[in-house]
Structures are given as C-alpha cells and as structure tokens.
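Participant: Starting off with a structure, shown below.
FYI, it's all coordinate maths here, none of it is from the lab. Here the structure is a predicted model, which is why all the values come from computation and not from measurement. Every residue, glycine among them, receives a Cβ derived from its backbone with ideal geometry; neighbour counts consider all protein chains shown.
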Amino acid sequence: MTAIVVCSHAELAQGFLDAVDMIAGGQEQLFAVGLQPGEGLQDLTRRIADCIDRSGAEKALVFADLFGASPANAAAMSLFSVQAETVLVTGVNLAAVLEAALSRDGGESLEAFAARICGAGRENLRVVTKQTIQNAGGAAL
Amino acid sequence: MIRLVRCDDRLIHGQCVTRVISDFRIGHIVVCDDFVASNPVLKNVFLLAAPSGVKTEILSVPETAGRVPALDAEKQNVLILVRLPETALQLHQTAPSLKKELNIGPMSSRPNTKKATIYCSLTVPEQQAVRQLSAMGVRVYFNQVITQKTVEWGDIQAQF
C-alpha cells in the first residue's frame with residue numbers, strides 16, 4: 001500500500017488525520033509530521049524520512065502544507081534519502097488527503113496518482129456566493 | 001542595496017517568503033553558506049523554494065564577500081541570508097564595506113543551545129561569534145518579523 005505522510009507547521013498535519021478519521025474512519029499507512037517550535041530543518045527532514053522508511057512501503061506520497069516553507073523543503077530533501085519511490089505534493093487540503101487515502105493503489109504510476117490528487121485538491125477550492133447557491137437550485141430564494 | 005543581512009537556520013522558508021521578502025520589498029536573495037552552496041540537493045531545494053520573481057542565488061562566503069560592493073550598488077533591495085552567526089562573522093571579516101548590522105531570526109533549539117529569545121537558541125560557538133561581531137561594531141539584534149519586538153544583543157549579553 002502506498003504510504004501517505006502529511007507534513008505541516010505545528011499540529012496541522014495531525015489535524016488532517018483527525019479530520020480524515022472523522023469522515024472516512026481510521027486509515028492505514030497514513031502519518032503526520034508537524035514542525036515543532038524550535039525544531040531545525042535537519043531534524044524535520046530526518047523525521048519525515050524515518051516515517052517513510054518505517055512504513056516499509058514501496059511507494060509514498062508526501063503532502064506538505066505550504067510550497068517553499070520548511071515542511072515542504074524538508075520533505076523535498078527527504079526524497080533523496082528514502083528507500084521508497086516518493087513524490088511530494090505541496091499546498092495540501094483535506095480534499096486531497098481524503099482522495100489520496102481512499103484511492104491509492106489503483107495501478108497508476110505514483111506520478112499519475114500525485115497529479116490526480118492535485119486535481120482533486122484544486123477542484124475543491126471554490127468561491128461560493130449567495131448567487132452560486134441561487135443558481136444551483138434554479139429557483140429564487 | 002543590501003537591505004538586510006539575516007541569520008536564520010532554516011534559510012528560505014514560510015516566514016521568510018510570506019513576511020521578510022514583502023516587509024523589506026526584497027528583489028534579490030543571496031543565500032551565503034559554504035555547505036549549502038556545495039550540496040546540490042540542498043542548493044536546488046532552496047532555489048526551488050524561493051518565490052518566483054525574486055532573483056535567488058546560493059553563494060559561498062568568499063563569493064558573497066567579493067560581491068558585496070556590487071550588491072550594494074543594485075537598485076533593488078537585496079537580502080543576504082546566512083545559516084549561522086559564524087558565517088556572518090566571516091562575511092564581516094572579509095567584506096569591510098558591509099553594513100554593520102545583523103538581524104538574527106529563528107534559530108532552532110539544538111543540544112547545548114541557550115535561548116536568546118523565545119524563537120532563537122544559540123550554541124556556544126554561535127554566542128562567541130555574536131560577541132565578536134558586537135566587538136567589531138556590528139549591531140546584532142533579534143527579530144523574527146517586523147511587527148514583533150526587537151531584542152538587542154547589547155541588552156541580553158550579560159546573560160551569556
């Protein structure tokens with residue numbers, strides 16, 4: 001099974017896991033690594049890599065909360081040291097984590113999987129106005 | 001011109017990208033670090049992390065020192081980022097025209113570090129480098145983001 005690791009500032013990553021659990025129930029091979037106050041890049045990189053290696057998975061998808069930030073930078077560095085074939089998706093949202101957790105191992109390549117997950121995440125970012133809601137039903141509210 | 005010389009052991013990261021670069025209207029980042037400059041993975045990860053539209057270079061200390069006059073002559077604001085106070089010291093020792101100011105941002109807590117501020121912990125060699133910088137007339141101050149209070153090394157050095 002493809003391992004999934006969510007990396008974030010503070011406890012956001014664990015929050016994603018809690019939210020996935022609330023919606024879809026407990027998932028295997030789904031992990032959280034949060035950058036703690038005072039933690040350095042090297043330690044964070046090691047914790048992400050250890051998490052992937054300990055999973056024993058052949059493939060891993062790593063999410064990070066913000067492109068260019070330390071969790072994403074550390075995850076990017078870990079790509080070069082882990083055993084598993086691993087890719088990184090930045091700018092994580094709940095739709096992306098849910099889609100990834102529930103649709104892994106469909107036989108597609110890891111890169112195709114990651115691209116599909118990015119699509120799911122992007123599709124869920126929407127603007128909803130009163131007009132949007134009125135238009136959805138057709139009738140005036 | 002060189003607008004800010006900042007020491008931050010995570011170099012280019014979220015706080016740097018979301019706050020420092022816009023607060024100081026930075027158009028050019030120079031990461032000055034011999035280790036990162038010589039490690040292709042680290043170098044490329046930081047180049048990738050830099051915001052698009054901001055010219056970013058990763059240089060060794062001697063390369064940076066040689067470029068200081070040219071960086072000061074640039075029209076856009078330049079940020080020099082170092083990972084360690086020792087690097088700032090080397091830079092000041094070899095680039096005498098460099099503005100005598102060092103901003104220390106977040107520095108991680110590591111074995112045998114002592115907290116200078118809530119977000120900044122320094123090893124003994126780092127404290128020694130700060131002391132030497134201060135003795136050279138460099139104003140060393142601690143600040144993460146400009147909306148937070150600045151702490152001067154001169155006001156806390158007695159604790160070290």
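Participant: Here's a check for you: in region A:58-78, which residue that is more than 9 Å from chain B (Cβ to nearest Cβ) and surrounded by fewer than 24 Cβ atoms within 10 Å (Cβ to Cβ) is nearest to B:Asp8 (Cα to Cα)?
Facilitator: Once the filter is applied, the top-ranked residue is A:Lys59.
Participant: Sticking with this one: Test of understanding: among A:Ser8, A:Ser55, which residue is more than 13 Å from chain B (Cβ to nearest Cβ), buried (at least 20 other Cβ atoms within 10 Å of the Cβ) and in contact (Cβ under 8 Å) with a residue 40 or more places away in the chain? Before the answer, list the steps.
Facilitator: Working: A:Ser8 fails: more than 13 Å from chain B (Cβ to nearest Cβ).
Every option except A:Ser55 fails the conditions.
Participant: Does A:Leu94 satisfy being more than 14 Å from chain B (Cβ to nearest Cβ) and touching a residue at least 60 places away in the same chain (Cβ under 8 Å)?
Facilitator: Numbers: more than 14 Å from chain B (Cβ to nearest Cβ): yes; touching a residue at least 60 places away in the same chain (Cβ under 8 Å): yes.
Spelling it out, A:Leu94 is indeed more than 14 Å from chain B (Cβ to nearest Cβ) and touching a residue at least 60 places away in the same chain (Cβ under 8 Å).
Participant: If you take the residues in region B:73-93 that are more than 16 Å from the chain's Cα centre (by Cα) and not hydrophobic (A, V, I, L, M, F, W, C), which one is farthest from B:Val36 (Cα to Cα)?
Facilitator: Of region B:73-93, the ones more than 16 Å from the chain's Cα centre (by Cα) are B:73-76.
Now narrow it down to the ones that are not hydrophobic (A, V, I, L, M, F, W, C): B:74-76.
On the way: B:Glu74: 24, B:Lys75: 27, B:Gln76: 24 Å.
For region B:73-93, the residue satisfying everything is B:Lys75.
Participant: Keeping to region B:111-160, report how many residues are in contact with a strand residue (DSSP E or B) (Cβ under 6 Å, 6 or more places away or on another chain) and aromatic (Phe, Trp, Tyr).
Facilitator: Number of matching residues: 3.
Participant: I'd like to verify a number: residues in region B:110-150 that are β-branched (Val, Ile, Thr), within 14 Å of another protein chain (Cβ to nearest Cβ) and not in a loop (DSSP other than H, G, I, E, B), how many?
Facilitator: Start the filter on region B:110-150 by keeping residues that are β-branched (Val, Ile, Thr), which leaves B:113, B:117-118, B:123-124, B:130, B:138, B:140, B:145-147, B:150.
With the extra rule that they be within 14 Å of another protein chain (Cβ to nearest Cβ), the set shrinks to B:113, B:117-118, B:123.
Subsequent filtering for residues that are not in a loop (DSSP other than H, G, I, E, B) retains B:117.
Total meeting the criteria: 1.
Participant: Check B:Gln128 against each of (1) within 24 Å of B:Phe35 (Cβ to Cβ); (2) surrounded by 19 or more Cβ atoms within 10 Å (Cβ to Cβ) and name the one condition it does not meet.
Facilitator: Exception for B:Gln128: condition (2).
Participant: Scan region A:100-109 and give yes if some residue there is within 14 Å of chain B (Cβ to nearest Cβ), assigned to a helix (DSSP H, G or I) and surrounded by 15 or more Cβ atoms within 10 Å (Cβ to Cβ), otherwise no.
Facilitator: Here is the first cut: in region A:100-109, the residues within 14 Å of chain B (Cβ to nearest Cβ) are none.
So far as region A:100-109 goes, no, none of its residues is within 14 Å of chain B (Cβ to nearest Cβ), assigned to a helix (DSSP H, G or I) and surrounded by 15 or more Cβ atoms within 10 Å (Cβ to Cβ).
Participant: On to the next question. With respect to B:Val45, is the statement that it is buried (at least 21 other Cβ atoms within 10 Å of the Cβ), in a helix (DSSP H, G or I) and within 14 Å of chain A (Cβ to nearest Cβ) true? Walk me through how you get there before you give the answer.
Facilitator: Working: buried (at least 21 other Cβ atoms within 10 Å of the Cβ): yes; in a helix (DSSP H, G or I): yes; within 14 Å of chain A (Cβ to nearest Cβ): yes.
Yes; evaluated as a whole, the condition is true for this residue.
Participant: Restricting to region B:81-107, count the residues that are within 23 Å of B:Val124 (Cβ to Cβ) and among the basic types (Lys, Arg).
Facilitator: Of the residues in region B:81-107, 1 are within 23 Å of B:Val124 (Cβ to Cβ) and among the basic types (Lys, Arg).
Participant: Just give me the residues in region B:48-60 being among the small types (Gly, Ala, Ser) and facing chain A (nearest Cβ under 9 Å), in sequence order. Lay out the reasoning, then the answer.
Facilitator: Let us first name the residues in region B:48-60 that are among the small types (Gly, Ala, Ser), namely B:49-50, B:52-53, B:60.
Matches in region B:48-60: B:Ala49, B:Ala50.
Participant: Looking at (1) within 13 Å of chain A (Cβ to nearest Cβ); (2) farther than 24 Å from B:Thr56 by Cβ, which is the only condition B:Arg83 fails?
Facilitator: (2)
Participant: List the residue pairs whose Cβ atoms are under 6 Å apart, where the first residue sits in region B:1-30 and is over 20 Å from B:Gln90 (Cα atoms), the second is aromatic (Phe, Trp, Tyr) and not in a strand (DSSP E or B), and the two are 6 or more positions apart or on different chains.
Facilitator: Once the first residue is over 20 Å from B:Gln90 (Cα atoms) and sits in region B:1-30, its partners that are aromatic (Phe, Trp, Tyr) and not in a strand (DSSP E or B) give B:Ile12/B:Phe46.
Participant: Looking only at region B:84-122, how many residues end up being surrounded by fewer than 19 Cβ atoms within 10 Å (Cβ to Cβ), more than 23 Å from B:Val30 (Cα to Cα) and in contact with a helix residue (DSSP H, G or I) (Cβ under 9 Å, 6 or more places away or on another chain)?
Facilitator: 4
Participant: Filter region B:1-42 for residues that are charged (D, E, K, R) and outside any strand (DSSP E or B) and give the result. If you could, list the steps in order and put the result at the bottom.
Facilitator: As a first pass, look at region B:1-42 and keep what is charged (D, E, K, R): B:3, B:6, B:8-10, B:19, B:23, B:25, B:33-34.
Correct list: B:Asp8, B:Asp9, B:Arg10, B:Arg19, B:Asp23, B:Arg25, B:Asp33, B:Asp34.
Participant: Search region B:7-41 for residues being of a type in the set (Lys, Arg) and surrounded by fewer than 21 Cβ atoms within 10 Å (Cβ to Cβ), and hand back the single one that is nearest to A:Phe67 (Cα to Cα). Steps first, please.
Facilitator: Within region B:7-41, the subset of a type in the set (Lys, Arg) is B:10, B:19, B:25.
Narrowing the set further to residues that are surrounded by fewer than 21 Cβ atoms within 10 Å (Cβ to Cβ) leaves B:19, B:25.
Values: B:Arg19: 15, B:Arg25: 20 Å.
Across region B:7-41, the extreme among qualifying residues is B:Arg19.
Participant: Return a yes/no flag: does region A:25-47 have any residue that is in a helix (DSSP H, G or I), touching a residue at least 40 places away in the same chain (Cβ under 8 Å) and within 24 Å of A:Phe113 (Cβ to Cβ). Even if it seems obvious, please write down each step before you answer.
Facilitator: Here is the first cut: in region A:25-47, the residues in a helix (DSSP H, G or I) are A:41-47.
Right, trim to touching a residue at least 40 places away in the same chain (Cβ under 8 Å) and you get none.
Scanning region A:25-47, I find no residue that is in a helix (DSSP H, G or I), touching a residue at least 40 places away in the same chain (Cβ under 8 Å) and within 24 Å of A:Phe113 (Cβ to Cβ), so the answer is no.
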